[in-house]
Structures are given as structure tokens and as C-alpha cells.
Amino acid sequence: MAERKKEADHLPTSESDQDDFIEPDPPVVTNQAVADTFVNIDYEDLVNPDYDSHPSGYIHEIVRQGSHDDDDEPRVAVSSVSDVSTGEESSEDHTEISTKEISQALDEVSKLQHPEVSLEDEEEIDEVDTQEWRQRKKHVFILSQAGKPVYTRFGNEDKLVTVMGVMSALVSFVQDSKDLVRFMVAGDHKFVFLVREHLILVCVSHGAESSQQILLHLSYVYNQILSVLTFSTLHRIFKQRRNYDLRRLLTGAEKFLDNLLNMMDTEPGMLLGAVRCLPLDSQVRDNIAQTIVQNAKVKDLVFALILANNQLVTLVRMKKYFLHPMDLHLIINLVNASESFKAAESWTPICLPKFDSSGFLQAHISYLDDRCETCLLLLSVDRESFFILSECRNKIKERLVKYNALKAISDSLMKTSYSIQQCGISDLRHFLYKSRHMAQFTSPELEAPYLSETEQERLCGLYFYLHHRIHTSARPLKILYTVGPHETLLGWVTQSFELYAVFGPLVTKVAAIQAINKLLRWVKREEDRLFIPNHVTF
Amino acid sequence: MMAETKRKADLKVIILGDYNVGKTSFVCRYIDGTFQTKEPTIGAAFFLKQWGPYNIAVWDTAGDERYTGLSNFYCRNAGAAILAFDMTSVSSFESLWARFIPLLDSALENCIKVVVGMKLDLLDSDRTREITIEEATKFSREINSNIDISHLPKDPYFETSSLKGSNVTEVFEYIFNHCVPLTDAEKRVAGNTGIVDLSKPVNDGAKDKKKCC
Ligand SMILES: Nc1nc2c(ncn2[C@@H]2O[C@H](COP(=O)(O)OP(=O)(O)OP(=O)(O)O)[C@@H](O)[C@H]2O)c(=O)[nH]1
Ligand SMILES: [Mg+2]
């Protein structure tokens with residue numbers, strides 16, 4: 001893929017086909033620890049969700065020669081890979097890990113790739129042994145520090161005891177040398193590890209995501225577990241019994257993990273650390289927010305929000321608190337994954353790990369319309385406040401019906417969001433625009449040529465690629481222009497926005513830049529409808 | 001807060017039991033008169049039911065173990081508890097004793113506890129009954145030592161099928177007749193008082209719509 005990139009904010013003037021182009025300017029995306037606020041949220045903050053543990057930052061790439069290809073890399077090589085650094089560089093030397101032990105371990109793990117090697121149970125044909133299972137694009141495994149299976153995205157954990165055991169052995173082997181395994185590459189598979197105090201999360205993928213992107217996905221998965229249990233519970237349980245079978249406490253919660261992983265495969269929001277807002281006239285939206293403020297003046301109510309079809313309609317928050325996009329995604333996932341809220345008003349505990357990983361908030365969840373599209377969530381710290389909130393909910397519903405706001409929401413849901421044609425820019429096929437201050441993004445409907453599932457997956461892969469190239473922390477870019485065989489990609493990151501645009505393959509660079517500028521003007525014009533600039537406070 | 005609860009409802013009924021025993025199906029059969037496969041409950045769901053002049057609050061809780069510690073709110077001041085188990089699963093019966101009875105410490109002192117075996121219809125097919133009627137009846141008497149059960153029309157144990165609709169309304173009416181009995185005039189409005197009668201046609205009791213949706 002030929003690439004031309006330039007770090008300036010405006011028209012690129014020079015070209016470079018080098019892959020290891022070094023960014024001369026200081027990176028736009030900084031690694032500073034920032035406060036958990038909407039105004040300051042940035043991507044790096046999400047990549048390192050180290051609020052509860054801070055692994056010492058070695059990143060090792062363990063390259064193992066795939067038995068099927070003619071790669072001439074050393075059999076087991078460990079090297080530091082600076083471009084996946086998390087900003088905690090250390091000057092210590094990395095020692096080569098090339099012991100017999102680790103290659104044995106790798107052989108075990110490689111069973112994942114080689115159908116002819118069968119796992120344990122000879123008697124029945126396990127799903128784990130099937131070609132289908134092995135060819136899954138993205139496996140996710142969760143195990144306890146003791147190596148006990150907790151979750152697998154595909155198949156049955158019980159059949160994966162060996163594989164999980166090996167994974168935990170790998171992790172503790174590297175830990176023994178006061179180090180941390182981050183990822184390994186084996187053939188075209190990446191093994192990415194997220195090691196937390198009590199849990200080990202492993203993703204085995206041969207998809208388009210980069211290791212850091214997978215790491216981000218894993219931290220979402222980890223937070224989903226905290227959301228169900230809280231960190232305190234997790235901690236207490238494993239302190240009491242290292243060997244505890246966590247699945248007991250997760251019965252019924254697997255679907256949240258499944259759903260989250262499926263959403264991450266198709267929705268760019270989590271990658272971007274941004275949510276999508278339901279397009280609405282800004283006055284209507286204000287009206288909805290004010291209705292909530294006026295009718296839910298309740299002590300201890302921290303957040304009130306309305307979701308419709310995974311999009312944010314409005315969010316009202318207590319003055320001193322912010323809802324982190326990661327927490328918001330977990331809330332969206334909760335609503336998206338459960339049918340049970342449609343039957344009745346629900347009262348359920350939920351932990352928002354970015355808000356407070358040690359305890360639960362109590363959520364009053366109900367749909368406001370008969371078709372169960374518009375969902376109201378009232379999140380309080382008071383476990384006793386169900387009836388008060390239930391009354392608030394009735395008043396809010398009544399007012400929203402009266403003001404035709406519920407109708408406005410359902411009208412907006414009926415219309416497909418918007419067509420790329422509406423932006424009036426030829427050659428532009430699709431784009432993602434993220435407002436960094438608001439942690440919100442917008443994108444047009446998927447249209448031809450991205451209608452089939454495989455094409456959509458490919459488009460997703462393009463965005464993963466573009467996003468990865470721009471955010472590679474060793475050399476973050478401001479602008480990246482890439483000409484591929486089927487499309488031309490342009491990514492542009494500034495203080496205030498991130499833009500990822502996909503053009504037809506024949507667009508010229510000048511035309512693409514012009515198109516982008518035009519698109520930015522269009523977004524600016526539509527901003528009021530597509531974004532929520534300020535969240536109202538109680 | 002307690003005042004809130006009281007103002008809102010005249011009786012609080014809580015349904016407890018292991019996950020997947022059929023609690024939600026049971027409530028929905030009573031409230032909606034239908035049987036649809038339900039997703040596992042998240043936290044707890046609240047239903048309001050009119051019984052004559054009375055407001056009845058029904059809390060359908062999630063059976064998953066991780067919610068056990070949080071059930072206090074749902075149990076507090078409950079006037080009646082439905083203790084549900086799956087008749088084809090011993091462990092779900094054992095859970096009642098081990099996990100759920102202790103939660104009822106915060107219920108009203110005269111809380112009536114009705115033990116309900118679920119999925120009776122499965123016994124017709126190939127599944128075997130794991131808990132005998134005697135066993136369950138004995139258990140239901142033991143846990144109600146706080147009230148005088150001799151005044152009850154029968155032992156507080158029922159075997160039900162939400163799928164077929166058998167014995168579902170009866171459980172609720174048994175409870176209501178005990179906790180908030182209606183006068184004759186009120187009864188005519190509210191419908192039949194139910195004594196167990198398996199020969200009775202399926203009662204699709206929904207006179208009131210669910211509160212939301
Ligand atoms: N055959 C039969 N199946 C039933 C009956 N009642 C419930 N089920 C099935 O049992 C499963 C669990 O039912 P739910 O009502 O969701 O169980 P629950 O107790 O509410 O479960 P949690 O909410 O997870 O605690 C579902 O697949 C139902 O279809 C019944 O009377 N007969
Ligand atoms: Mg249920």
C-alpha cells in the first residue's frame with residue numbers, strides 16, 4: 001500500500017513512502033494522565049485504563065515462526081516494540097526469553113491453530129476441535145490468576161482447561177522475571193494479554209485490529225466484568241479463595257460479554273472512545289433535558305439518560321460528576337443486551353468502573369414508549385429510592401408525551417440517520433468524525449459499496465488500520481493519507497476532532513483535502529443536530 | 001423511604017428462587033396471561049397489580065447468585081414471599097433454604113411464605129419429580145412458624161405450570177386472600193377467589209395491563 005503522509009494541519013506538500021516515517025513534531029495525542037472528565041478525555045486515556053493496577057510497562061513481542069509459512073524469523077525472539085509503548089518506557093534492557101519452557105508453552109498454545117492436534121477429551125468431538133472454532137476471527141478468553149477458566153467467547157470453558165492453563169503459565173512465567181507479557185505473534189494470529197490483579201484476559205485474533213486496539217477491547221471486557229461484580233467483590237472473593245470458580249457469580253452475565261464483543265466488531269464507538277447521539281433538533285433535545293431536570297430533582301440521583309437504539313438522546317448529570325464514555329458504553333451494552341427491561345420497570349445494581357469501581361450504583365430502567373425503543377435510565381447511589389424514581393419516571397414520561405418529544409425521538413429513529421449524499425461531497429464514500437471534547441462521534445449510513453457483510457467488515461478493518469497508524473504512540477500522526485487498491489484513506493487528528501475518511505481509489509490528494517474541508521464545514525453546520533455540546537446538570 | 005413504599009402499595013409480594021426456575025414466566029403468566037420465553041432477569045422487575053381496592057407491588061427478582069447480597073431492599077417489609085423452585089431440580093429446592101430464607105429476615109414479621117414448585121408440565125413428559133409433595137409441604141409448614149397456618153385454607157405449597165397456566169392465579173389469590181381479604185362486594189369486582197382446582201380452565205387473569213409498556 002503506497003502511503004503519503006504529512007504532519008502539517010494543512011495541505012500536504014511532500015510525500016513519503018517510507019513506512020518508518022518519524023514524526024518530527026511532538027505528538028498531538030499525549031500520554032498525560034488526565035482527569036476523568038469529558039473535556040479531557042482522549043484516546044490514550046482509554047488505552048491505559050490503569051485506575052486499579054499499573055503494570056510495569058514492558059511490551060514484548062514474542063515472534064514465533066508459524067510452522068506453515070517460510071518466515072525466516074528466529075524461533076522464539078523477544079524484542080521490545082516501542083510503538084506499542086504505553087508511555088512508561090524503561091531504560092532497562094530486555095533479556096531474551098528463549099528457554100525450552102516457553103517454547104513448550106507456545107507449542108501448547110499453537111494447538112489453537114493446528115487442527116490435527118487434538119485436545120484432551122478423545123471420546124466426544126469437542127467444539128474446540130472443530131475447524132469452525134479454530135477459524136473464529138477473534139477469540140476472547142478470561143481466566144483467573146490461578147488459571148481457572150472464567151469465560152470463553154466461543155465454545156465451552158470446561159473444554160478449554162488446558163489452553164487456559166497454558167495461558168496462565170505463560171503469564172506467570174514472564175511475571176517471574178518481573179515482567180509482563182503483552183502480546184505474541186504466531187503466524188497470522190495475535191495473542192494479546194491483559195493482566196489485571198485477579199484476572200487474565202487473552203484475545204487471539206487474526207482480524208484487522210492492532211495489538212493496542214485489541215488491548216483496548218480487552219479492557220472494555222474487563223470493565224464489563226467489574227460492571228457486573230465491582231472490583232471490591234472480585235478482590236474479596238479471590239482474596240478469600242484464589243481458586244474460586246468465578247463463573248458461579250457470572251451466570252447470566254455471559255451475554256453482556258458476548259454482546260459487547262459483537263458490538264465492538266461492528267461499532268466504531270468503542271474504538272473511538274465516543275458515543276453516537278441520536279440526531280435531534282437541538283431545541284427538542286434541550287426540552288427533553290430540561291424535562292428531566294425539572295422532574296427528577298432527587299437527592300443522590302447522579303445520572304439520568306435516555307438511550308434510543310444504542311444512541312444517546314440526552315444525558316443529565318450531577319454537577320461534579322462526569323460519565324466517562326467507557327462507562328456509557330457499558331450502559332448502552334446493558335440495555336442493548338437485555339430484553340428483560342422491556343417487560344417491566346427494573347431496579348438493578350450496576351457498577352460503572354470509571355466512575356467508581358468499588359461500588360454499585362442503582363439503576364431504575366424503563367422504556368418510555370410502547371414499542372420499547374426509548375429507554376430511560378436513572379442512576380442513583382441510594383438503593384432505596386426506587387419508588388421516588390419511579391414517580392419521576394412517570395412524570396417525565398407524561399411531559400415528554402405532552403411535548404411530542406417521544407414522537408420526535410421515534411421519528412428520528414425511523415429515518416435512517418443520514419446519507420453520505422447529504423454532505424454533498426463527491427468521491428467521499430464514508431467517514432467517522434469524532435469530537436474529542438464531547439467524546440461523541442457521527443458517521444453516515446453504510447451505503448454501496450459497503451452493503452454486504454464482508455465489505456462492511458473490510459471497511460471496519462480500514463478504519464482499524466487508519467486509526468492504528470495515526471495513534472501509534474511512538475510516532476503519532478496528525479494527518480495520514482493512504483492510497484490503497486480499493487480506496488484512498490485520509491485520517492486527520494487535531495486538538496478538537498478526529499476524522500477518518502474513505503474515498504474512492506481515484507481521488508487526488510488535492511481533491512481529498514478539499515473534500516475534507518468541505519466535510520468539516522458540513523459537520524459544523526449540522527453540529528447542533530448530531531452532537532450534544534453540553535450535558536445539562538441537575 | 002418506608003413511608004414511600006407503604007404509600008405506593010398495600011402489600012409487597014416478593015418472588016425468590018434460583019435462576020432459571022421460572023419466576024418471571026410465573027409473574028407474567030399471572031399479570032399478562034401469556035407464556036413467552038423470558039430472558040434472565042437483571043436485578044429485579046417491579047409490577048403493580050390491582051386487587052380490589054388494594055395496590056399490590058410484586059417484585060420479581062433475579063436468581064443469579066451475585067444478586068443475593070442486594071436483595072435486602074426487595075425483601076424489606078414484604079408481606080408475602082413466593083419461594084420458587086424447579087420441580088425437576090433438587091438444587092433449586094435446596095437453595096430456598098440455603099440462600100433465600102435468610103433474606104426474609106427483613107420481611108414483615110407476619111410474612112406468609114408460599115412454596116411454589118414450578119414447571120409441573122415437565123413431569124408429564126420425560127422429566128422426573130425430584131421433590132415429593134410431602135417433602136415440600138413439610139418445608140412450607142416449617143418456614144411459616146411465624147404465622148398461624150391452621151387458618152389457611154390449605155398448606156402454603158403449590159405445584160404450578162406457567163406454560164400451561166395451571167395453578168398460577170391460585171397462588172396469588174391464596175396470598176391476597178390471606179393478606180388483604182376482600183369483602184363480598186369487592187370480590188365481585190375482583191373476580192374469583194381461588195382455591196386450588198386443577199380442573200378449572202386456564203385463567204388468563206390479566207384484567208389490568210402491566211404498568212409499563
Ligand atoms: N416447561 C416449562 N418451562 C418453563 C416454565 N416456566 C418457565 N419455564 C422456562 O424456564 C426458563 C426460565 O424461566 P424464567 O421465567 O426466565 O426463570 P427465572 O426464574 O425468572 O430466571 P432468572 O430471572 O434468571 O432468575 C425459560 O426458558 C422458561 O421458558 C413452565 O412452567 N414450564
Ligand atoms: Mg426472571
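The values are calculated or read from the model by the stated rules, or taken from the named source; none is laboratory data. Values in this document were obtained by computation on a predicted structure and should not be read as measured data. Glycine gets a Cβ as well: all are built from the backbone with ideal geometry, and neighbour counts include every protein chain shown. Surface accessibility is based on the protein's heavy atoms, side chains included, excluding ligands, DNA and RNA. Shrake-Rupley method; radii C 1.70, N 1.55, O 1.52, S 1.80 Å.
One residue stands out in region A:190-209 among those that are in contact with a Ser or Thr (Cβ under 7 Å, 6 or more places away or on another chain) and touching a residue at least 60 places away in the same chain (Cβ under 8 Å): the one that is most open to solvent (accessible area, probe 1.4 Å), namely A:E197. When the test is whether a residue is out of contact with any helix residue (DSSP H, G or I) (no Cβ under 8 Å at 6 or more places or on another chain) and outside the structural domain of A:S443 (by the TED database), A:R242 passes it. Quick one: is B:A107 closer than 14 Å to B:S89 by Cα and open to solvent by less than 20 Å² (accessible area, probe 1.4 Å)? Here the answer is no, as B:A107 does not meet what is asked. Comparison of B:T128, B:T137 shows that the only residue that is free of Cβ contacts under 8 Å to residues at least 40 places away in the same chain and either farther than 21 Å from B:D32 by Cβ or assigned to a strand (DSSP E or B) (or both) is B:T137. Here the strands (runs of 3 or more DSSP E) wholly within region B:43-96 that include at least 2 residues being open to solvent by 30 Å² or more (accessible area, probe 1.4 Å) are B:44-51, B:54-61.
Restricting attention to region B:20-63 and to residues that are among the small types (G, A, S) and within 12 Å of ligand 1 (Cβ to nearest atom), the residue that is farthest from B:S161 (Cα to Cα) turns out to be B:G43. So, B:D121, is that one farther than 23 Å from B:F46 by Cβ, within 16 Å of ligand 2 (Cβ to nearest atom) and among the acidic types (D, E) or not? So B:D121 fails the test. Test of understanding: among A:L368, A:L389, A:L330, A:L378, which residue is under 21 Å from A:K255 (Cα atoms), among the hydrophobic types (A, V, I, L, M, F, W, C), away from ligand 2 (no atom under 16 Å from the Cβ) and open to solvent by less than 10 Å² (accessible area, probe 1.4 Å)? Exactly one residue qualifies, and that residue is A:L330. Considering every residue within region B:114-121, establish whether at least one is among the aliphatic types (A, V, I, L, M), surrounded by 18 or more Cβ atoms within 10 Å (Cβ to Cβ), touching a Phe, Trp or Tyr at 6+ places or on another chain (Cβ under 8 Å) and within 14 Å of another protein chain (Cβ to nearest Cβ). Checked region B:114-121: no residue is among the aliphatic types (A, V, I, L, M), surrounded by 18 or more Cβ atoms within 10 Å (Cβ to Cβ), touching a Phe, Trp or Tyr at 6+ places or on another chain (Cβ under 8 Å) and within 14 Å of another protein chain (Cβ to nearest Cβ). Screening region B:19-35 for residues that are more than 9 Å from chain A (Cβ to nearest Cβ) and more than 11 Å from ligand 2 (Cβ to nearest atom) and picking the one that is nearest to the chain's Cα centre (by Cα) gives B:Y30. As a summary of the residue check, B:T61 satisfies the conditions (1) touching a helix residue (DSSP H, G or I) at 6+ places or on another chain (Cβ under 8 Å); (2) more than 15 Å from ligand 2 (Cβ to nearest atom); (3) not acidic (D, E) except for the one numbered (2). Going through (1) open to solvent by 50 Å² or more (accessible area, probe 1.4 Å); (2) within 26 Å of the chain's Cα centre (by Cα); (3) more than 9 Å from every other protein chain (Cβ to nearest Cβ) one by one, A:F360 falls short only on (3). If the condition is being assigned to a loop (DSSP other than H, G, I, E, B) and more than 8 Å from chain B (Cβ to nearest Cβ), then region A:370-390 contributes A:R371, A:E373, A:V381, A:D382. Screening A:A343 on (1) away from ligand 1 (no atom under 16 Å from the Cβ); (2) free of Cβ contacts under 8 Å to residues at least 12 places away in the same chain shows it passes everything except condition (1). Only residues that are farther than 18 Å from B:F85 by Cβ and within 11 Å of chain A (Cβ to nearest Cβ) were counted in region B:50-68, giving 3. Scanning region B:140-154 for residues that are out of contact with any Lys or Arg (no Cβ under 6 Å at 6 or more places or on another chain) and over 29 Å from B:T37 (Cα atoms) yields B:R141, B:E142, B:S145, B:N146, B:I147, B:D148, B:I149, B:S150, B:H151, B:L152, B:P153, B:K154.
Just so you know, in region B:146-170 the residues that are more than 16 Å from ligand 2 (Cβ to nearest atom), part of a loop (DSSP other than H, G, I, E, B) and more than 19 Å from B:T132 (Cβ to Cβ) include one that is nearest to the other protein chains (Cβ to nearest Cβ), and it is B:G165. Taking the criterion of being facing another protein chain (nearest Cβ under 10 Å) and assigned to a loop (DSSP other than H, G, I, E, B), the residues of region A:309-352 that qualify are A:S338, A:E339, A:A343, A:A344.
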